[in-house]
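Participant: After the structure tokens below, expect a handful of questions from me.
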Amino acid sequence: LIAQTAGFDYFSKPVPSSGSKLAVGQMEFSFKQKFRNLAAYGFPSDDGFVVKAGSDATATVNKGFKGGYLALHQKLIDQGVLVPKLGHPDLLTFAVDYAFSASSAAAAVIAGNNMAGPSTWKTNSDQTLGEYLASQSSPAL
């Protein structure tokens, strides 16, 4: 109950993103870990942050990875959102587009380790999600 009160709903069935599609002109972001041969793609949405089907996630999590994001990683495997990637025993793949509550949750589940989403997700021009979002908001007058 504490997790739900804090905005983490780990006890309900994950719901794949159905209405969140990349709109024309909307920025797409990538998260890559070359040492794992891992690449994931997503975009901010009204649901939080959507990771696109076909994106990679690690099958092996860091030993220090505990708590809610570890439980979410396992739950997405159990629900068939994350499935084994053929020919890559250390990787999983997203079977569907999936909306996370935040970019950090998406990055943590993908990496199997706690990650800061705003600095992890980047555009093709190497602009971080955090920089992009800051450039999109108008300053208060």
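The values are calculated or read from the model by the stated rules, or taken from the named source; none is laboratory data. For clarity, every value in this text was computed on a predicted model and none was experimentally measured. Note: ideal-geometry Cβ built from the backbone for every residue, glycine included; neighbour counts use all protein chains shown. What goes into the accessible areas is simple: the full protein's heavy atoms, side chains included, and nothing from ligands, DNA or RNA. Shrake-Rupley method; radii C 1.70, N 1.55, O 1.52, S 1.80 Å.
Participant: Pull up segment 31-52, narrow it to residues that are outside any strand (DSSP E or B) and not charged (D, E, K, R), then point me to the one that is surrounded by the most Cβ atoms within 10 Å (Cβ to Cβ).
Facilitator: By that ranking, first place goes to ASN37.
Participant: Please enumerate the residues belonging to segment 89-108 that are open to solvent by less than 70 Å² (accessible area, probe 1.4 Å) and free of Cβ contacts under 8 Å to residues at least 60 places away in the same chain.
Facilitator: LEU91, LEU92, THR93, PHE94, ALA95, PHE100, ALA102, SER104, ALA105, ALA108 - these are the residues of segment 89-108 that are open to solvent by less than 70 Å² (accessible area, probe 1.4 Å) and free of Cβ contacts under 8 Å to residues at least 60 places away in the same chain.
Participant: Taking SER55 as the residue in question, decide whether it is open to solvent by less than 60 Å² (accessible area, probe 1.4 Å) and closer than 20 Å to ALA134 by Cα.
Facilitator: No; evaluated as a whole, the condition is false for this residue.
Participant: Looking at this structure, is ALA111 over 19 Å from ASP46 (Cα atoms), open to solvent by less than 20 Å² (accessible area, probe 1.4 Å) and of a type outside the set (D, E, K, R)?
Facilitator: So ALA111 fits the description; yes.
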